[in-house]
Amino acid sequence: MTALVDAAMARTRVSVTYDGGYRRIDYPNGDVPDNIGVCTDVVIRSYRKAGVDLQRLVHEDMTRAFDAYPNHWGLRRPDPNIDHRRVPNLQTFFERQGAALPVSDRADAYRAGDLVTWMLPGNLPHIGVVTGQRSADSGRPLIVHNIGRGPELEDLLFSYPITGHYRYIRLPSQEASNGDTR
């Protein structure tokens with residue numbers, strides 16, 4: 001999980017304008033321009049830097065089990081341009097991969113490399129990466145996320161209602177296998 005956390009921390013040094021608009025992107029390993037993104041792009045880019053293409057994995061899983069995924073957007077089939085950039089789809093993917101963990105109100109339940117999802121005011125889903133750094137005043141693990149100001153490191157863990165906790169470990173050498181890699 002060190003590679004994932006290192007990649008997430010590196011995202012905090014990139015200037016990014018918050019923009020979740022639909023764009024056609026390459027597949028696999030496609031990405032929107034590096035200077036734009038949303039919270040999911042922090043996760044996607046961090047995993048990609050660690051050798052895991054969530055765009056491809058989510059698309060393949062949605063192709064196999066489209067009805068298992070939320071239908072908030074009125075889609076009739078998977079769309080590799082956007083599906084992986086939606087928090088509810090990532091939550092469903094991680095749950096389907098057996099990566100879901102109990103939500104806890106204890107800071108020590110969250111390890112570096114874990115993913116956390118929240119519901120922000122206005123029913124806006126959000127996602128971030130737990131780091132090994134801790135808040136000096138609270139001892140809580142700091143989170144890399146993009147809530148609208150670009151990727152940043154913050155003491156955010158218990159700032160909003162937590163809706164999911166995930167520990168997804170997939171080795172790049174196992175990307176093409178269908179075996180259990182957690």
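The values are calculated or read from the model by the stated rules, or taken from the named source; none is laboratory data. What you see is a predicted model, and the numbers here were worked out from it, not measured in a lab. Cβ sites come from the backbone with ideal geometry, for glycine too, and all protein chains shown count toward neighbours.
Here are the numbers for the structure shown:
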quantity	calculated
Only one of Pro33, Pro78, Pro28 that is outside any helix (DSSP H, G or I), surrounded by 18 or more Cβ atoms within 10 Å (Cβ to Cβ), over 16 Å from the mean Cα position of the chain (by Cα) and not polar (S, T, N, Q)	Pro78
The listed residue being over 20 Å from Cys39 (Cα atoms) and surrounded by 15 or more Cβ atoms within 10 Å (Cβ to Cβ), out of Arg170, Arg106	Arg170
Selection count, the range 135-167, where residues are more than 13 Å from Trp118 (Cα to Cα) and either without any contact (Cβ under 8 Å) to a residue 12 or more places away in the chain or assigned to a loop (DSSP other than H, G, I, E, B) (or both)	12
Where a residue in the range 110-127 is within 13 Å of Ser46 (Cβ to Cβ) and its partner, wherever it lies, is surrounded by fewer than 22 Cβ atoms within 10 Å (Cβ to Cβ) and of a type in the set (D, E, K, R), with Cβ under 9 Å and at least six apart	Gly113/Arg167; Asp114/Arg167; Leu115/Arg167
Which listed residue, of Thr181, Thr131, is modelled with pLDDT under 95 and hydroxyl-bearing (Ser, Thr, Tyr)	Thr181
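Residue-wise test of (1) over 17 Å from Trp118 (Cβ atoms); (2) touching a Phe, Trp or Tyr at 6+ places or on another chain (Cβ under 7 Å).
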| residue | (1), (2) |
| --- | --- |
| Phe66 | yes, no |
| Asn71 | yes, no |
| Leu75 | yes, no |
| Asp79 | yes, no |
| His84 | yes, no |
| Phe94 | no, yes |
| Gly98 | yes, no |
| Leu101 | no, yes |
| Ser104 | no, no |
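Here's the yes/no breakdown for (1) closer than 30 Å to Gln133 by Cβ; (2) part of a loop (DSSP other than H, G, I, E, B); (3) touching a His at 6+ places or on another chain (Cβ under 7 Å); (4) aliphatic (A, V, I, L, M):
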| site | (1), (2), (3), (4) |
| --- | --- |
| Arg24 | no, yes, no, no |
| Val43 | yes, no, no, yes |
| Ser46 | yes, no, no, no |
| Gly51 | yes, yes, no, no |
| Gln55 | yes, no, yes, no |
| Val58 | yes, no, yes, yes |
| Asp61 | no, no, no, no |
| Asp67 | no, no, no, no |
| His72 | no, yes, no, no |
